[in-house]
């Protein structure tokens, strides 16, 4: 019997390096018990590809939050409808009203950024994107779907500002996160609604 306990102990010790390898993550060193280069490369590269984020539709968020957020979201959705109908001035006014009702609504800034990025002066979207990103982070509301739109819209704005290398990186990230939404390199009002 004492031999069996000793064998079990040795078996556990022999499995420790394998356990360390199975817990290795990309960008993080593997367990020190493993030898450098000993099969860790295959484990780290074998991580499953990131699944595409579900599409972000602001209409799905219209009933969330307090009364001010819900009222603000109604203005954002009306603004997106006006944008889709080609009434850019009315849309901008509705986005402004959304921010008057709830200045902390990141989706109002996202809608404004979308309008600017798809408009005649895409570089003007950058301040709205930064405000949306800051509010989303503060509210712990950043999701892969939201991040896809932030990256894609930022790509459009950066490209217009002559920063094409950064723009390509951002667009590649947007397409990786939400290929259905960003396959054409655009985000129209109806897609965001």
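Given the residues 126, 136, which is the only one that is within 22 Å of residue 61 (Cβ to Cβ) and touching a residue at least 12 places away in the same chain (Cβ under 8 Å)? Give the steps one after another, and end with the answer.
Details: 126 fails: within 22 Å of residue 61 (Cβ to Cβ).
Going through 126, 136 in turn, the sole match is 136.
From the list 124, 154, which one is modelled with pLDDT under 95 and either surrounded by 21 or more Cβ atoms within 10 Å (Cβ to Cβ) or in a helix (DSSP H, G or I) (or both)? I'd like the intermediate steps shown before the answer.
Details: 154 fails: modelled with pLDDT under 95.
The match here is 124.
Looking at residue 94 and the list (1) more than 25 Å from residue 177 (Cα to Cα); (2) surrounded by fewer than 17 Cβ atoms within 10 Å (Cβ to Cβ), which single condition is not satisfied?
For residue 94, the exception is condition (2).
Does residue 191 satisfy the condition of being modelled with pLDDT under 95, in a helix (DSSP H, G or I) and over 20 Å from residue 70 (Cβ atoms)? Talk me through it step by step, then tell me what you get.
Numbers: modelled with pLDDT under 95: yes; in a helix (DSSP H, G or I): yes; over 20 Å from residue 70 (Cβ atoms): yes.
Here the answer is yes, as residue 191 does meet what is asked.
Go through (1) under 29 Å from residue 90 (Cβ atoms); (2) crowded, with 16+ Cβ neighbours inside 10 Å; (3) touching a residue at least 24 places away in the same chain (Cβ under 8 Å) for residue 185 and report which single condition fails.
The single condition residue 185 does not satisfy is (2).
The values are calculated or read from the model by the stated rules, or taken from the named source; none is laboratory data. Quick caveat, the model's predicted, so the values are computed rather than measured. Virtual Cβ from ideal backbone geometry, glycine too; neighbours counted across all protein chains shown.
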